[in-house]
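Here the structure comes first, spelled out in structure tokens, and everything after it is commentary.
The values are calculated or read from the model by the stated rules, or taken from the named source; none is laboratory data. All values derive from a computational prediction rather than experimental measurement. Neighbour counts run over all protein chains shown; Cβ positions are idealised from the backbone, glycine included.
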Amino acid sequence: MASERPPSRYRRLRKAFDLSAVTAASPDSKPAKRMRTTEKSTIYEDRISSLPEEILLMILDKLDARSTMTTTILSKRWRDLPRRLPTSYNIAVDDILPPRYHRLKRLNMEAMAAYEAEKNMHKLTDIYAIKARHERWMAKIRPFTAILERYERRAMRRYVKQVNAFLLAPKNVRQRRPVHKLRLQMLGRWHENIDEWVTAAIAKWGVEDFELVIDGDCGGYNLKQLDGYRNVRLERLTLSNCQPICSWNCLTVQRLTKLTLGAGSYMGMISEILRNCIELRDFSITSSRVCQAALRFFVPTSKIKSLQVDRCCFGKIYLMSLPCLETFVCRGRPTKLSYGEVPRLRHVSLDYLQTEDNDIDDGSGTSRTYPPSKFFKRIPPLDFLVLQFKGPRMWIEPFVVPGGQLKKLFIANVPVNWDVLWILLLLGAAPALESFHVHIDNNSEQRSSGFEGLGWQTSFVRLIMKRAPLLRHVHLLDGEVRDDEQELGALQIVPRRRVWHECERAEVLDDLTAGFRFPPRIILE
């Protein structure tokens, strides 16, 4: 036992100071051998840094300000790259709130939705029954509410310091750091600094594109405060849950070319807004809480080219006089439309969803349907028409729209249980059609599917080919259609590659072209 060697004292070195300790403890020991790089280490080789400088600069241009500054620690080459000063900034309180806050917020919203669904399902009218269910619901969310408020207080304290350090910087800093686009997203319970921040951003920094998003409680700002400043270059303004207080008759709004009023920001007075915003080209109303029986646009001197109404509670929209209007987009519940003096209107996009809570006709008690005159009354000749009519039941009646000049027709997300007669009638009324896209939503399987060679799909394509004898190319693909997040009313086609067996492909093509003397070219993907 005495002749045995003592166990090794150092079996694994984890840190650099352990190596120095071993060397100092055993001076007679041999120096450690240098580790050789293996072939596996080449996997972690930095190949991006070896790219040309032009490509690296393009990468930096795509990053935000924080990520651009972080790249300086990657290597000496990244540190020495010339950097352009960013002109677009997004300061959001969501970046400060921890992930646990968002999880609790989601649970709170789910509990609220369950409470509303239960109340609507039982159709409670007794005040005592409603009070009892409300107390049970409050007992569930009360622990969440206290935690959420604590997170919000901490985040807003940091947020106020961050925004003050940025916007309230000295004049020499503002001259060295230009800001053209700025987005502020904050919580509405702490709105004491809104006036100071908005004035500093627009009047002192000279921001051209400004967006203010307030979550929770609604805030307010008077744009008349900016009339006394000379450095105002504001052209694009977006307000969400922030009410412009008595400010539409000021000089600042006369320079606006784009105005977006989000949730809680539109308070009516559409005529006053358009009459004072004399240079307005793009106008949007989103998630308005104002319920109006009719929204009328009668501004003969207006220069508006694009008008968007998204998820609002308007019974009917009258486009009475907008002589420069070129694009009109409407999304939400079915809204009746009437067209007047809109001679330049060429692009119309309608995205309507009829839900179960509003598909009952008040008079007869049956399912409500809409004839074509409700959406296309006195519509001018169009070049591009986009339609998305959705709902658990078919609520649109077969119709024919005067489409003599219609060149592009896009019909997306049609429920698979709907009758397609209205599509065929619409197609037959457009003899000059150059591009036609239709997408059937297979909602029974909870997924969007394209052409798969099914019997009803083949019959539908044959009917389209008969209705359009001048058709030369038919492109059948499997995929889905998504809304473009950057532009309201725009759609993106996301194809999925389908592998067709040769026998299956030949059988489908024979079924499609049977009986046609000169069939069009059919492409299967």
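Here's a check for you: in region 163-186, which residue that is modelled with pLDDT under 90 and closer than 19 Å to V93 by Cα is surrounded by the most Cβ atoms within 10 Å (Cβ to Cβ)?
Restricting to residues being modelled with pLDDT under 90 and closer than 19 Å to V93 by Cα, the top hit is L167.
In region 259-286, which residues are within 18 Å of the chain's Cα centre (by Cα) and either surrounded by fewer than 18 Cβ atoms within 10 Å (Cβ to Cβ) or part of a strand (DSSP E or B) (or both)?
L259, T260, L261, D282, F283, S284, I285, T286 - these are the residues of region 259-286 that are within 18 Å of the chain's Cα centre (by Cα) and either surrounded by fewer than 18 Cβ atoms within 10 Å (Cβ to Cβ) or part of a strand (DSSP E or B) (or both).
Considering only region 471-483, I want to know if a residue exists there that is acidic (D, E), in a loop (DSSP other than H, G, I, E, B) and within 23 Å of H347 (Cβ to Cβ).
Within region 471-483 (the criterion being acidic (D, E), in a loop (DSSP other than H, G, I, E, B) and within 23 Å of H347 (Cβ to Cβ)), the answer is no, since none of the residues qualifies.
Answer with yes or no whether Y221 is of a type in the set (F, W, Y) and surrounded by fewer than 16 Cβ atoms within 10 Å (Cβ to Cβ).
No.
Taking S444, is it at pLDDT below 80, under 28 Å from the mean Cα position of the chain (by Cα), of a type in the set (G, A, S) and part of a helix (DSSP H, G or I)?
yes
Only residues that are crowded, with 21+ Cβ neighbours inside 10 Å, hydrophobic (A, V, I, L, M, F, W, C) and part of a loop (DSSP other than H, G, I, E, B): list them for region 380-416, please.
Correct list: L382, L406.
Which condition does T68 not pass, out of (1) among the polar types (S, T, N, Q); (2) modelled with pLDDT of 80 or more; (3) under 30 Å from D209 (Cα atoms), if it passes all the others?
All conditions are met except number (2).
For the subset of region 291-319 comprising residues that are of a type in the set (V, I, T) and surrounded by 16 or more Cβ atoms within 10 Å (Cβ to Cβ), which member is nearest to A490 (Cα to Cα)?
Per the criteria, the residue is V309.
Surrounded by 13 or more Cβ atoms within 10 Å (Cβ to Cβ), of a type in the set (S, T, N, Q) and touching a helix residue (DSSP H, G or I) at 6+ places or on another chain (Cβ under 6 Å): is that true of T252 in this structure?
The answer is yes for T252.
Please determine, by comparing only the residues of region 97-149 that are surrounded by 12 or more Cβ atoms within 10 Å (Cβ to Cβ) and small (G, A, S), which one is modelled with the lowest pLDDT.
Of everything passing the filter in region 97-149, A129 is modelled with the lowest pLDDT.
List the residue pairs whose Cβ atoms are under 8 Å apart, where the first residue sits in region 454-479 and is within 14 Å of D511 (Cβ to Cβ), the second is modelled with pLDDT of 75 or more and surrounded by fewer than 13 Cβ atoms within 10 Å (Cβ to Cβ), and the two are 6 or more positions apart or on different chains.
M465/F516; V474/R521; V474/I523; L476/I523
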